[in-house]
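One structure is given here, and the rest of the page talks about it.
Every number in this text was worked out from the coordinates using simple rules, so none of it is lab data. The model shown is predicted, which means the values in this text are computed figures rather than measured ones. Don't worry about glycine lacking a Cβ; one is built from the backbone with ideal geometry, like all the others, and counts go over all protein chains shown.
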């Protein structure tokens, strides 16, 4: 259902935006009607299949691949042929060579998806619809645009946000029901992350759930393969851009520049002349990056502590372990399963020749379970000495710009739970996201007791 927000105090009219259907509902309905269109995966090591993440059975497949070598060529998949890089050392090596292994949208971008060819676009009656964003750029464009938003995520800026994050987290935890089952994802994870994003963007708090709605529509790789849904998906993203454009116009009227991300873009030479597609692309990046990673780790922490009660006991008895527990939970969850690069010149990596133009998929989710780096990697161990070596935020020049903020939000959540002696039990349905990019939970039914 589309809604038009009333004019703001500055007189800027918010555009009409829809709030349904969710991307999950739309995709589920499509495949129920067209089951023959579900992607077919014939190669046993084609880890682009979303069912292995939905059913949580990806671990042995990656373990088998790592045992056979750090990277493997997958000759066929619904996304075309690609190199699956599964070893921790190999991923770091490739990430350290951004000129050879490009992130640029002009080569294919940062997900396993194929660029729509001119012929495919014409057949579908759409344009190629590129969404440039600074994570999908190479130097020097990447450097200038990243520098624009980076001041929002410095140690000082993060420290300045801590009191507000702590207050909001505490108030939410105090409002949770006791003695009844509820969905942690919707009630806690989404609520805390959308609230944080609203603060970062200076986004109207009453509309914060739109951020989750847009994040899901833009970040679902399986959805993006369904040509019939291109028009709906694109129109929703255009509504997102129009809404943010109204915020942009509003900020240009401010007498003093604000310190929210939109104001920072307006006053940046690297970003204030962005084309509409580039503006939309960077919004997608900041919304998905700020929403999915923290949201899914907030849920992953609860699931992991319930699955490993010995570690929950350690957490309850030793709150000083919380900072390291955050790193270990990021390793275990790995909220974005992969990133993609495109090889720009023939090169040899760990005995394999990767050709110019080859798609190279870095499976962070596998690197974070690499036995050569992490002992007993499938076990949660909040005392793990090298937990910080996880690659959940990537590595190199494209490492997540908001990593410190995500770590702060997760640390504060655990500290405020501990302060309230809150123990959270998984007590009902657990439903994971069906996707090969975003790795997380759609539903996690829990009940709260005390320790």
Q) Rounded to the nearest 0.05, what FRET efficiency is calculated for residue 324 and residue 228 with R0 set to 51 Å and r the Cβ-Cβ distance? A) 0.65
Q) So what are the three principal axis dimensions of the chain from its Cα atoms, in whole Å, longest to shortest? A) 58, 55, 46
Q. How much length, in nm to one decimal, is gained on full extension between residue 187 and residue 272, taken as 0.36 nm per residue of separation minus their Cα-Cα distance?
A. 27.0 nm
Q: Over all alpha-carbon pairs of the range 327-433, lay out the pair-distance distribution in 5 Å bins, whole %, shortest bin first.
A: 2, 10, 15, 18, 19, 16, 9, 5, 3, 3, 1, 0
Q. Using the 10 angstrom Cβ neighbour count as an exposure proxy, how do 303, 72, 267 rank, fewest first?
A. 267, 72, 303
**Q.** the chain, helix-only ellipticity at 222 nm - DSSP H runs n ≥ 4, -39,500 (n - 2.57), divided by all residues, nearest 500
**A.** -13500 deg cm²/dmol
Q) Could you put 236, 100 in order, starting from the residue whose Cβ has the fewest other Cβ atoms within 10 Å? A) 100, 236
Q | Protection proxy ranking, peptides 43-54, 322-333, average beta carbon neighbours within 10 Å, highest first | A | 322-333, 43-54
Q: Please give, to one decimal in nm, the separation of the simple spin-label points placed at residue 73 and residue 353, each 7 Å out from Cα toward the Cβ.
A: 0.9
Q. Tell me, how many Å apart are the Cα centres for the range 166-199 and for the range 7-70?
A. 25
Q: Would you please state which residues of the range 279-321 a label at residue 16 would reach in this model, taking the label point 7 Å out along Cα→Cβ and a backbone N cut-off of under 14 Å?
A: none
(Q) Can you give the FRET efficiency to the nearest 0.05 for residue 209 and residue 388, using r as the Cβ-Cβ distance and R₀ = 45 Å? (A) 0.85
Q: Throw me the Rg/Rh for the range 179-270, computed over C-alpha atoms with Kirkwood Rh, two decimals.
A: 1.06
